[in-house]
Structures are given as C-alpha cells and as structure tokens.
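Okay, so here's the structure we're looking at.
The values are calculated or read from the model by the stated rules, or taken from the named source; none is laboratory data. Treat the numbers as computed from the prediction; the structure is a model and nothing was measured. Note that we place each Cβ from the backbone using ideal geometry, even for glycine, and neighbour counts take in every protein chain shown. With ligands, DNA and RNA removed, areas are computed over all heavy atoms of the protein, side chains included. Shrake-Rupley method; radii C 1.70, N 1.55, O 1.52, S 1.80 Å.
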Amino acid sequence: MMIACRLPSLLVYVASAVLLAWGAAHLPPTRAVTDGFGNISQDNRRILVMEWIAEGITHMSIAVLVILMTAIEGSGDSASQLVYRVTAVVLVVLAALTTVTGARTPVVWFRVCPFVLTGTAALLLLASLL
C-alpha cells in the first residue's frame, strides 16, 4: 500500500527530471544551432537565440513548478493534480508544434523532442489520475 501511495510522486519526479534535463540540454548548443543557419542577419540571429533559450527555460520552469507543487502540497493534492494536467496539455501542445515544424527537419533532436514531451505529459497525466 505504501508503494502505491508513492507512485504518483515518483512519476511526477521522473517526468520533471526528464523535462529539466531536456530543457537544460537546449542551452549549451545554442551557438552551434544559430551557426547552423548560416549567414543570417544579426536581428534574425538574436531572435533565434532568444527562442532557442526560451524553449529550454520553459521546459526547466515547468519542471521546477511541478517539483515544487509536489514537494510542498504532495501529489494527491487537488491543486497539484490540476498543475499536472495543465502542464500535460502544455507539453502536448509544444510536442504538436514541434511535430509540424522542427521534427520535419533531418535534425535528430527535433525528431526526438515530441516523444520526450509527450512521454513526460503522459507520466504527469497518469500521476494526476492515481
């Protein structure tokens, strides 16, 4: 019985760890990503850098929110469950966006991203239902 009570929290923490790592993984290759676009204007380069870093920060911020809700309120709290569900929806929307944009390129990380985001969303949704 004790393990069943801890399962939702475990799912949340695993999902958050994956999302935190995925977000952090966006930051180091920023220069290489922008260089991969070749000779673009300085304004376009700035926008690309901003968007690339913003996605990483978004993933990490969502993970931190979910971790804090779970640590403070517990996974069984109704507010925590709402956060898990809303977060799952946001991650699925981001996965869909990536599927129709970046994942259509030959870059393997863009192709993997929808699976990472959908997988973490599924873990959070499952945790909210247990």
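Here the chain was treated as a single set of alpha-carbon atoms; its pair distances binned every 10 Å from 0 give 13, 40, 27, 14, 5, 1 percent. Relative contact order, whole percent, for the chain stands at 34, derived from Cα pairs under 8 Å and 6 or more residues apart.
Ignoring ligands, DNA and RNA, what percent of the accessible area of the chain is carbon or sulfur (1.4 Å)? Could the numbers behind the result be given before it?
Numbers: 5650 of 7750 Å².
Percent of accessible area from carbon and sulfur atoms in the chain: 73.
Of the residues R46, R85, R111, R31, the one with the largest accessible area comes first in the ranking R31, R46, R111, R85, computed with a 1.4 Å probe on protein heavy atoms. Put V49, V89, V14 in order of accessible area, highest first, and with a 1.4 Å probe you get V89, V14, V49.
Sorting S61, S16, S78 by solvent-accessible area of protein heavy atoms yields S78, S61, S16, largest first, with a 1.4 Å probe. From a point 7 Å beyond the Cα of A24 in the direction of its Cβ, which residues of region 59-83 have a backbone N at a distance under 16 Å? In region 59-83, the label zone of A24 (backbone N under 16 Å from the point 7 Å along Cα→Cβ) covers 59-68. Averaged over its residues, the chain has an accessible area of 60 Å² per residue, based on protein heavy atoms and a 1.4 Å probe.
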